[in-house]
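*Asks:* Take this structure, written in structure tokens, and hold onto it; I'll ask about it next.
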Amino acid sequence: MIQKHVLCQVLITLSMMFLWERIYAQQAWIRINQLGYREADVKVAVMGSKEPIECTRFEVVDAATHKVVYEAKAVKYFGKYGPFAHTWRLNFSPFSRKGIYYIKAGSIKSPEFKIDNRVYEGTADFVLKYMRQQRSKYNPFLKDSCHTKDGFIVYHPDKNKDSTYIDVAGGWHDASDYLQYLPTSANATFQMMFAFMQHPESFQDKYDAWGNEGSNNIPDVIDEAKWGLDWLVKMNPGKGEYYNQIADDRDHQGMRLPTLDSVVYAPNKGFARPVYFITGKPQGEKYKNKTVGAASSAGKFATAFAIGAQVMKPYYPQFAESLVQKAIDAYEFGKQHPGNTQTISVVSPYIYAEDNYADDMELAAITLFKLTGDSVYLKDAIQFAHMEPVTPWMGADSANHYQWYPFVNLGHYFGAKLDHHNRDTYIRYMREGIQRVVNRGKNNPFLIGVPFIWCSNNLVVGMLTQMSLYRKITGDKSFEEEEAALRDWLFGCNPWGTSMICDLPENGIAPKDPHSAFTHLYNYKISGGLVDGPVYGSIWNKLIGIKLYAPDEFEAFQSDVAVYHDDYGDYSTNEPTMDGTASLSYYLSMLQSDTLSRLEYDKEGGVIKIDSDKKHVYLLFSAHEFAEGGKHVVETLARNKVKGNFFFTGDFLRNKKHYALLQQLHRQGHYIGSHSGKHLLYADWTKRDSLLVSKDSFKTDLEKSLEQLRKLNIESGKWYLPPYEWYNKQIVEWCKELGLTVLNFTPGTGTNADYTWPGLKNYRSSGDLLQHLFKLDEKILGGSLLLIHLGTDPRRKDKFYNKLDIIIKHLQKNGFMIKKLPN
């Protein structure tokens, strides 16, 4: 094994020397997103030169034919930045043709890249590879167990418990060391559940609960989050008993696989590791931390438990129920012990120096409101939001390691969605944080506004998350170019031209020699891990114990502005982190989801088809005053194991006789959205451009239905079905302002006529509707939205919803999948 490793190191060194010589022969470079661009994306490359050259235009060239397919003068000069004496942004956003291309500016050529809506497909699951590899107790990558003896209690106020055994085996190792921290693990657990809540369609099921290959009918991201939740439960074995950390930096005694860990922390404890009790007071000896409370960790416990109680319910109902009280207890503990808990180091000064807690308690409060419906939590959340409107690193030039953690406050997003009265305040806070980072980056060619502190890539992911959610909830696209710049930064549009995610893309420039025992000792890949990212030259030069093991292939691109190495010896820039990787799962799932669904619109702007090139059908059910078919529809969907998409008016939602049906639909995981408040007619039947409602009356009516959904603990998502399925362009625009997308039944499908009764000129019997549906070809049915009313006027006796079983079987027999609407 040692000889093989030496040979590999020699080959790596020779290849790096060749690359190094080639780099020095070159003086200008064009940086692109190596993964590629979706067709409608903002697309910008960055060119940097060490010598004076001119650039006023550029070309996009077909990689196969070498023919110019797009010429542009959208060039913006930025001057000196980092290693480059001159820099330019080359914008080719208008070009959207699918294919493989390269950019040419004068004699300078970029690497090849794709334009394709599927470039991010599979990426959200890809990063889960690293999460599985980080598992403790049982490690599916190694097919072996580790750290099964954890641990013995430290700092417990009860001397009878202090130094005694507690079973906390499980969870994830934090990075390439084998410490385990509550703050990062709880955040990672929450981030993966949040990603699934937002974009369940982006995740697959190819692994079982233990992380071994093989489906278990549960999405892999849920399996991974459950692994985290199980460990969090162990770290909170009883009310008022919370633990913050397993092991400490005495772990750093050389690189080894976790299954071969031989570090002994205390006499007579064997390989058990210390488990640090949360006291809310400073802990440590030589390097004492600055803990002043417990709310930062308690809030993270509460949030993970509260979201877990909701996300895990369809898969582990009893476990989910057990988390409810634990979430409530953890939140109350945080309120009783305000302040932050920091991690502990014994032999070095490096700790997670978390100084804030209001963001953790805000997110805990708002998720508890979502879980329980208790408005007290809503009031608490806005008070915590006022305490920290903007996460302090945003717009700052520097910060201590993990000083403002987590790096994004998703409490603001949930608050904007769930708190109607304070929606504008939460949105303002989100925008202010984004604006500060945008302002800081506006004068450099990469538009990078995050400070290059340790784990700068985590800050990039946090800002991408906030930008994406702000755009989603407001419809405001004013930060689109800055968001695209940060996205592209992670995939190669940076001074070094490298992706920041191990092996993504596999055949591109991406971390191959990260700070990890897996790769360094055994050449095992650690695919999917997000590395720490560049740091200021001033930070890098002062760090302890850094030694490069190979020639620096990026030496030409290092500067005082930022340093990055793909070298095992640089733990500051090239070490993958578990929490950063988990946090990336949301943004990647969003990138997939946005283009997994190709939307088709009617002339008013309403969506009438989703993925017409696929054999997908979406069943829509609406109800206002009639719902006698509800029980039959729910039972039929359950029997056939398919999901429906239900749209209800506020009047329907307020009627207590429907509560049981609503809760059943919610439990079974169907999509539930708004069908307006009081089923108003928005536009004249004959003059569609003529509005019959004002903007204020429209928004008030719609908000009441959304508020009623929130009271029922139902998150409505982004889709809106207007009353009578009748609207105009203005209604569509007003909906966008509220973060909603209008949809309608697919013209020609005919099922929407099931509301008619004998005597009406347009009456269609259920038999007629069924026969018409059976005659539709794949071109019409592909991606169609079939509308069926949950109840109809009593004058209609032959209820079409009674044909639902026949409809489902017909569709499935002809190869159609019945789908839930994408979030």
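The values are calculated or read from the model by the stated rules, or taken from the named source; none is laboratory data. Predicted model, so just to flag it, every value in this text is computed and none were measured. Cβ atoms come from the backbone with ideal geometry, glycine included; neighbour counts cover every protein chain shown.
*Asks:* For the stretch 323-360: of the residues being part of a loop (DSSP other than H, G, I, E, B) and among the charged types (D, E, K, R), which is surrounded by the most Cβ atoms within 10 Å (Cβ to Cβ)?
*Replies:* My answer is Glu354.
The rows are residues; the columns are (1) among the small types (Gly, Ala, Ser); (2) assigned to a strand (DSSP E or B).
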| residue | (1), (2) |
| --- | --- |
| Ile100 | no, yes |
| Ile103 | no, yes |
| Tyr138 | no, yes |
| Pro157 | no, no |
| Gly170 | yes, no |
| Asp174 | no, no |
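*Asks:* Identify all residues within the stretch 338-363 that are under 18 Å from Phe277 (Cα atoms), out of contact with any strand residue (DSSP E or B) (no Cβ under 7 Å at 6 or more places or on another chain) and of a type in the set (S, T, N, Q); write none if there are none.
*Replies:* Those that are under 18 Å from Phe277 (Cα atoms), out of contact with any strand residue (DSSP E or B) (no Cβ under 7 Å at 6 or more places or on another chain) and of a type in the set (S, T, N, Q): Asn340, Gln342, Ser345.
*Asks:* Please enumerate the residues belonging to the stretch 202-247 that are in contact with a Ser or Thr (Cβ under 6 Å, 6 or more places away or on another chain), at pLDDT below 95 and buried (at least 17 other Cβ atoms within 10 Å of the Cβ).
*Replies:* Passing the criteria: only Ser202.
*Asks:* Can I ask one more? Residue under question is Ser559, and the condition is that it be touching a Gly at 6+ places or on another chain (Cβ under 8 Å), of a type in the set (Gly, Ala, Ser) and not assigned by TED's automatic domain parsing to the domain that holds Met131; does it hold?
*Replies:* Here the answer is yes, as Ser559 does meet what is asked.
*Asks:* Only one of (1) touching an Asp or Glu at 6+ places or on another chain (Cβ under 7 Å); (2) not in a loop (DSSP other than H, G, I, E, B) is not met by Ser145, so which one is it?
*Replies:* Failing condition for Ser145: (1).
*Asks:* Looking at the stretch 429-452, which of the residues that are outside any loop (DSSP other than H, G, I, E, B) and in contact with a Leu (Cβ under 9 Å, 6 or more places away or on another chain) is farthest from Leu90 (Cα to Cα)?
*Replies:* Met430
*Asks:* Another question about this same structure. Looking at Phe621, is it assigned by TED's automatic domain parsing to the domain that holds Gly750, in contact with a Ser or Thr (Cβ under 9 Å, 6 or more places away or on another chain), surrounded by 15 or more Cβ atoms within 10 Å (Cβ to Cβ) and not hydroxyl-bearing (Ser, Thr, Tyr)?
*Replies:* no
*Asks:* OK, next. Assuming Gln253 fulfils every condition listed in (1) crowded, with 21+ Cβ neighbours inside 10 Å; (2) in a loop (DSSP other than H, G, I, E, B) apart from one, which condition is it?
*Replies:* (1)
Matching residues to (1) surrounded by fewer than 19 Cβ atoms within 10 Å (Cβ to Cβ); (2) under 30 Å from Ile818 (Cα atoms); (3) not hydroxyl-bearing (Ser, Thr, Tyr):
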residue	(1), (2), (3)
Ser538	yes, no, no
Ala562	no, no, yes
His565	no, no, yes
Thr573	no, no, no
Leu588	no, yes, yes
Gln592	no, yes, yes
Leu599	yes, yes, yes
Gly606	no, yes, yes
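*Asks:* Being within 23 Å of Met193 (Cβ to Cβ) and in a loop (DSSP other than H, G, I, E, B), is that true of even one residue in the stretch 395-402?
*Replies:* Checked against the condition, which is being within 23 Å of Met193 (Cβ to Cβ) and in a loop (DSSP other than H, G, I, E, B), the stretch 395-402 yields at least one hit.
*Asks:* Could you grab me the full set of residues in the stretch 809-823 that are touching a helix residue (DSSP H, G or I) at 6+ places or on another chain (Cβ under 6 Å) and crowded, with 21+ Cβ neighbours inside 10 Å?
*Replies:* Passing the criteria: only Pro822.
*Asks:* If you check Leu182 against the conditions, is it in the same structural domain as Asp261 (by TED's automatic domain parsing), under 27 Å from Thr279 (Cβ atoms) and either at pLDDT 95 or above or of a type outside the set (A, V, I, L, M) (or both)?
*Replies:* In short, yes.
*Asks:* Counting only residues that are among the hydroxyl-bearing types (Ser, Thr, Tyr) and free of Cβ contacts under 8 Å to residues at least 60 places away in the same chain, which one in the stretch 373-394 is surrounded by the most Cβ atoms within 10 Å (Cβ to Cβ)?
*Replies:* That would be Tyr377.
*Asks:* Could you grab me the full set of residues in the stretch 743-763 that are charged (D, E, K, R) and under 22 Å from Asp602 (Cα atoms)?
*Replies:* Residue satisfying the conditions is Asp754 alone.
*Asks:* I've got another one for you. For the stretch 157-176, check the following and say yes or no: at least one residue is at pLDDT below 95, in contact with an Asp or Glu (Cβ under 8 Å, 6 or more places away or on another chain) and among the small types (Gly, Ala, Ser).
*Replies:* Yes, the stretch 157-176 contains at least one residue that is at pLDDT below 95, in contact with an Asp or Glu (Cβ under 8 Å, 6 or more places away or on another chain) and among the small types (Gly, Ala, Ser).
*Asks:* Right, something else. Take the residues of the stretch 771-791 that are surrounded by fewer than 21 Cβ atoms within 10 Å (Cβ to Cβ) and not hydrophobic (A, V, I, L, M, F, W, C): which is farthest from the chain's Cα centre (by Cα)?
*Replies:* Per the criteria, the residue is Gln771.
*Asks:* Related question: Kindly evaluate Asn744 against the criterion of being more than 14 Å from Asn645 (Cβ to Cβ) and not hydrophobic (A, V, I, L, M, F, W, C).
*Replies:* No: the conditions fail for Asn744.
*Asks:* A follow-up question, please. Tell me, yes or no, whether the stretch 481-492 has at least one residue that is in contact with a strand residue (DSSP E or B) (Cβ under 7 Å, 6 or more places away or on another chain), within 25 Å of Val535 (Cβ to Cβ), in a loop (DSSP other than H, G, I, E, B) and among the aliphatic types (A, V, I, L, M).
*Replies:* No, the stretch 481-492 has no match at all.
*Asks:* Select, from Lys609, Lys631, the only residue that is more than 17 Å from Asn713 (Cα to Cα) and either modelled with pLDDT of 95 or more or touching a helix residue (DSSP H, G or I) at 6+ places or on another chain (Cβ under 8 Å) (or both).
*Replies:* Matching residue, one of Lys609, Lys631: Lys631.
*Asks:* Condition (residue is within 24 Å of Tyr402 (Cα to Cα) and in a loop (DSSP other than H, G, I, E, B)) applied to the stretch 296-310: is it met by at least one residue?
*Replies:* The answer is no; no qualifying residue exists.
*Asks:* Continuing with the same structure: Could you list, ordered by first residue, the pairs with Cβ atoms under 7 Å in which the first is in the stretch 317-341 and assigned by TED's automatic domain parsing to the domain that holds Ser297 and under 23 Å from Gln245 (Cα atoms) and the second is modelled with pLDDT of 95 or more and loosely packed, with under 15 Cβ neighbours inside 10 Å, at least 6 apart or interchain?
*Replies:* Note: pairs meeting the criteria are Asp329/Lys239; Phe333/Gly240.
*Asks:* Still on this structure: Does Ala416 fit the bill of being part of a helix (DSSP H, G or I), of a type outside the set (Lys, Arg) and assigned by TED's automatic domain parsing to the domain that holds Pro349?
*Replies:* Taking the combined requirement at face value, the residue satisfies it.
*Asks:* Same structure, new question: When the residues of the stretch 116-171 are filtered to those that are more than 30 Å from the chain's Cα centre (by Cα) and buried (at least 22 other Cβ atoms within 10 Å of the Cβ), which remaining residue is farthest from Ile501 (Cα to Cα)?
*Replies:* Gly151
*Asks:* Among the residues in the stretch 699-716, are any among the basic types (Lys, Arg), within 30 Å of Leu469 (Cα to Cα) and free of Cβ contacts under 8 Å to residues at least 40 places away in the same chain?
*Replies:* Within the stretch 699-716, one or more residues are among the basic types (Lys, Arg), within 30 Å of Leu469 (Cα to Cα) and free of Cβ contacts under 8 Å to residues at least 40 places away in the same chain.
*Asks:* Then there is this: Could you look through the stretch 536-591, keep only residues that are assigned to a helix (DSSP H, G or I) and small (Gly, Ala, Ser), and pick out the one that is nearest to Ser456 (Cα to Cα)?
*Replies:* Out of the qualifying residues, it is Gly580.
*Asks:* Find the helices (runs of 4 or more DSSP H) located wholly in the stretch 727-823 whose residues include 2 or more that are in contact (Cβ under 8 Å) with a residue 40 or more places away in the chain, and list them.
*Replies:* Correct list: 729-737, 778-781, 804-813.
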